[in-house]
Each structure stands twice: as structure tokens, then as C-alpha cells.
1. Order of Val91, Val368, Val215 from fewest to most other C-beta atoms within 10 Å?
2. Scan around Thr202 for amide H atoms under 5 Å from its own, H built in the peptide plane at 1.01 Å from N, and keep only partners 5 or more places away or cross-chain.
3. Once you list every other residue whose beta carbon is under 13 Å from the beta carbon of Ser263, what net charge do they have if Lys and Arg are +1 and Asp and Glu are -1?
4. Give me the net charge for the shell around Asp388: Cβ to Cβ below 13 angstrom, other residues only, Lys and Arg +1, Asp and Glu -1.
5. Please arrange Asp40, Asp72 by how many other C-beta atoms lie within 10 Å of their C-beta, fewest to most.
6. Near Gly251, within a Cβ-to-Cβ distance under 13 Å, what is the net charge of the other residues, with Lys and Arg +1 and Asp and Glu -1?
7. Taking only C-alpha pairs under 8 Å that are 6+ residues apart, what is the relative contact order of the stretch 247-369 in percent?
8. Please list, ordered by chain and number, the residues whose modelled amide H lies under 5 Å from the amide H of Gly317; skip anything fewer than 5 residues away on the same chain.
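Please treat every number below as a calculation from the coordinates, not as lab data. Since this is a predicted model, take the numbers as computed values, not measurements. Cβ placement follows ideal geometry from the backbone for every residue including glycine, while neighbour counts extend to all protein chains displayed.
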Amino acid sequence: MLSSEGKPTDTRAGGQQISSKTPVHREQGRDLKQIFQLIDSFLSFEACLYHQIVPFRLEDNQLLLGMVHPQDSGALDYVNRILSYINSTMVIQEIATDMHRTILSAYLNHKNTFRPDAKQLEQTAADFTFEKSVTNIADDLITSATTSFEQNQQPQSTLGGTETLQHSRQQANIPISHLDSFASVNESKKNTSEVVDPSNLTILQVQVPELFSPVEVLATLPPKKLLEQLLGRVLGGGIGRLYLERQPYKGRILWSDNGVLQSVLENLPLSVFQGVLNELKRFTSLPIATLAEPKQVEKECLYQQNRLLLRLRVMPGIYGEEATLQVLRGAALKFYQQQQLTRLSRDALGISQQLSLKLRELHQRLIVNPSLQPEQLQALVTLNGLVDNLEQQIKILTATNEPPTGSG
């Protein structure tokens, strides 16, 4: 919390008293690299956007958290639950809305330009610690909480308390961290997003819960039937995920709902495992052939008359291809759609500006041409006017798609 002087004051997280002596720097002194890493692994971008928070620093089990609204009990509750689980505390610093927006915009620019090196791409499940898995589970919990807020639900009912996190820890160590390491690949080149007319969206028809086969018999189903059963499970909840992890001689598939592990299929024959992966590729129009580098494809669908987004990421592992399938809906889907609009508007503006530049070059060459005809000059003037108007209209669209600003 903040005192009347605007200085960071003590609050509680993880049952520990926090010292107010943690140094607080201004925006220009922030370590953006550390902020980006914390957004990737600790507090998801969606959570930072929704709750208007930014994790500035986490060291010596103490988090320095920037908040536009320091009295936001919902945001504090989410962060406190995560901090209590990793035995950490926090100090809060009030920040302006413009600073919050600037930092998150810088993060998006970073995600659109950064390419991980080969060593990052070669990380596998054997390298992951439990702590990394927990922080990524927390990402799922916060994303699902965003959806719950949109539906006017209380935040506490979404998280289910610290016991839910502990229950996840006891069941399995979900291999999420290596999947997230590919999120920073340049999306304009690595990812494929379909722009689909709403009337042409794929309608998902999968098994309803009453027709689910028992978990014990899932491994005996052919790949296509197995995938239908798995999709029915991950589509029926909140933020669902499937994890396809390849092992030396077997495979295993895990699925979670809102960050809570639901079940695991162990010791799957590689033929079945690869068959499920191939079915996912067919559904998202990816080539069946083994991919040499990570590939992400996103597909908007209709399920029970509701729009949702399926995000499939396939990547090479030590023992062969692995994959994760994430289901986004609610606020998470709205954020994705907003980002698509912003990206398309930005691309259109860039193309318009390039066209304007070429027309100016053409004009400079034509005016020194002794054989220039009057109709050619008039055509050029008309084109310049059209391009100028086009650029103005695109700028209007771009401004409309930008989030509103306000004072902190």
C-alpha cells in the first residue's frame, strides 16, 4: 500500500512482514529485461493488462510491484496468493496509467522482434524445476481469473485458494516452461493466424461429458477418437490446455483446466502419441511432416455457440516433436482479437506510407521527363490525393484500436 506521501508502505504476502526500505526507481531506471522475464514467467501479460500492474523486480524473495490502483483488492489477492505459495513478499509502488501502458507496449514490441537462441529452443522437460512449473501454472490461473472477472464472478472463487496450487504440485510436474520459451518467437514469421469470416468459423462437435470414455480406456482408443475425447475435456471448462510430451520410448498427454491438472495419460505407445499429434496438425492445417523449428497456429472456432481460440504450438524436443494446445475464451480471446486488429492496422499504415513514398519518387522522375503528358501529371496528382486520404483513414482505424489512456 501507499502512504499519504505516495511512498511504498508495507503489505503482507505469504504471511511475512515486508520492509518498506526496498528502493523504488523511476521508469527510466527500470530493468526492462527483468520486467519482460517476470511477465513471461511470473505474472502473465493478460493479468498485467487487466489488473493494471507491472512486476518490476523479484529478488531476495521480495517483489516490487507497480500498480495503477494500489487499493485494488482483486489484483492484490491474485498476486498475494502466488507470492504466498513461493514464500515471497511484495512492496507496492503506485504508477501512472501512461507508464503502465508504455511498459506493456514495450513488452509487446519486444515479443514481436526477439528471437530465442538455439540453446533456448533445445530446452526440454529434463531441465525444468518445480518452481518454473508453478509460476506457469499461476499464469493459467490468472488468465482464467481474467475471464471470471468479465463474467462478474468473484476472484476468490476462481483461484480456489492456495490449496488448489498445492494439489497441483502433488499430482504432477506439468512441463509448461519449455512451451513458454517459444512465445517470444517473431509472430509475424513463426505464427499463422487465420482471418476468418464469422459465418465461416469451424464448428467444433466433440463428445459431451455424459459420453466421455473412462480415463482408464482412453489409451486404447485410436488417435482420432482419443483426440475427440481430449478436446471434449479441455473445451468444457475455462482455460483448458493439452500437453503432449514425448519420452524416449513412450509418450504422455496431460490436460489441465484453469491451471489445475486434471489427469495424465502415461506410457502411451509412440504410434498413438504421434497419431494424436498428427490429428492436431490436420485440424489446424499444419504439414504432417516433422517440423524443423517451432511453429504456432491459431484457429478461431465456435463451440456451443460461443467463440473461442485454439492455439496449437508444435516444437522439436530431444526425443521428437512435442505440442501444447491452449483454449482461449472470454477476456483472453478479446485481448487476442484486439491485438489482431492493432497489428493489421499497423501493417496497413506501413503499406500506405510505402506507397506514398514510391509515388513521391515517381513524381520526381516524371517532372524531369520532357515527354510528360498532362494526363500523366493529373493521374499522379489524383493518386497522391487518394493515398493521402487512405493514410488518414487508416490512422483513424489505428487510433480507434489503441486502448484508451488516462491519468494514474
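1. Fewest-to-most Cβ neighbours within 10 Å comes out as Val368, Val215, Val91.
2. Long-range HN contacts for Thr202: Leu302.
3. 0
4. +1
5. Asp72, Asp40
6. -1
7. Once normalised by length, the contact order is 13 percent.
8. Hits under the 5 Å cutoff: Glu322.
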